[in-house]
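I have placed the structure first, in the form of structure tokens, so that the comments after it can refer back to it.
The values are calculated or read from the model by the stated rules, or taken from the named source; none is laboratory data. Computed from a predicted model, the values in this text were never measured in an experiment. Here the Cβ is made from the backbone with ideal geometry for all residues, glycine too, and neighbour counts use every protein chain on show. Accessible surface is based on the protein model in full, side chains and every heavy atom, while ligands, DNA and RNA are left aside. Shrake-Rupley method; radii C 1.70, N 1.55, O 1.52, S 1.80 Å.
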Amino acid sequence: MNKKPFIHDDFLLTTKAARELYHGYAEKMPIIDYHCHLPPAEIAEDKRWDDIADVWLGGDHYKWRQMRTCGFEERLCSGRGKDGRASGWERFEAFAKTMERLVKNPLFDWSHLELARYFNVTERLCGASAKRIYAKCNRELAKKGFSARGLMKRSNVRVVCTTDDPVDSLEHHLAIAKEPFGTRVLPAWRSDKASKIENLPAWNAWMDRLAAAAETPVRTYDDFLGAMAKRHAFFEKAGCVVSDYGLTEIFAASYTEGEVARVFKKARAGKAVTPEEALKFKSAWLFEGLRADAKANWTTQLHYNCLRDLNGAMFDAMGPDTGFDSIGDWSVTESLARLFDRLERADALPRTILYSLNPKDNEMLASVMGCFQKAPDVGKLQLGAAWWFLDQKDGMRKQLETLSALGALGTFVGMLTDSRSFLSYTRHEYFRRLLCQKLGEEVEKGEIPNDLKWLGPIVSDISFNNANRYFGFGA
């Protein structure tokens, strides 16, 4: 008797209704990936890879964390060990052996989805199968279409928004726009470095870069606002319609323009600011940033409650975004409400997507959002997709359940990859399958009406249409 492979047409779809919803409404919908960390240079040059280890392990700290957990030395994980970088085969074999212990971990599901969708491999990855799978993947990588752009087209990706510093020249985005290939690649405004006033040398160096990019001095707070406005307009001209703020907490302290101007002048002079002064500046930076987004008709994304760089020794050796961050635990209810109220009173609250890395915040965020929804936008305030440590079965289901209970599920703008990998589009498939499974299961139980002609278009909207309308992509 033939054993069904782990990844098959009805993966995760355990009811008839779920299968009908997925295959009839979700499966063929295009992808809008409105938040990711793909390097624009790699899209501009249409990068190719010779080794599956480079594609899978080149910058994926999700995998590195689990490989470390399973006892593999750093040169096999990130490739940055003191004993030198391991070969592609050595790293791939180490990850394959890690997979043997990752039952129920989302990496197990995602990795097998990627193997099936891009490499036509349905065998379980483990130490015993590693050599066969490694050879097959590398043969496939040599074929036409296995390039950055080729993978995006193959995945039916209509729009991608990268993550870009306001001082960036956007040269790669401009080059891509001159050679369209079916996927729009747009910048997203990420101005976090402007807020990190506690680290004076880095902050002042960034302000110097801002001055150079805006071609204007940045000596005073008014200079700063003017330079940021110039760069905001430059991003808008390049097609940007999305900003993103990576925060520890929501900054909404009281301040006056005079206080912030004095703090800025003090910091530009190289004098350390107090925690209270830093908070006033951060609060002004965040308010002005969101006000600028509203004026430009952009959508703001607020990511918060990430406790970063816990392992100081490894941060010193490897830098940020290498797998040493965790869920944080800051209460932001009052500050978030205060920020939104200030913006609403100024008629400057933009469309906003809220993401907390702490799942305890879901209900709070959904209830705060309901206080600031406003026509003509449909779902103006959004409870963002389960993010980072939460984008697994339980996290996705809880986010959907909270949004269903306290908001309007049919307005949700759906999934994103938040990834640096061109193979990560299977995360959209994973999310869509879980969405259809959840709805289908509740249909079978009689908890929601058995009317797939009503539910199906909701699934299509969440998969693609809502995001297309919400961001105004016209894709």
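Odds and ends about this structure:
- Scaled against 2.2 N^0.38 Å for its residue count N, the alpha carbon radius of gyration of the stretch 113-263 is 1.48.
- Members of K196/K271; K4/K63; K398/K438; K16/K153; K104/K153 lying beyond 20 Å, as alpha-carbon distances in this model show: K4/K63; K16/K153; K104/K153
- Between E140 and R80, the FRET efficiency estimated from the beta carbon spacing at R0 = 22 angstrom works out to 0.20.
- Within the chain, DSSP assigns beta bridges of which about 10% are antiparallel (rounded to the nearest 5).
- Think of a 1.4 Å ball rolled over the protein heavy atoms: the chain then has 43 Å² of accessible area per residue.
- Interatomic Cα distance distribution for the chain, bins of 10 angstrom, percent: 4, 19, 29, 28, 16, 5, 1, 0
- Carbon/sulfur fraction of accessible area - the chain, other protein chains in place, 1.4 Å, %: 50 percent
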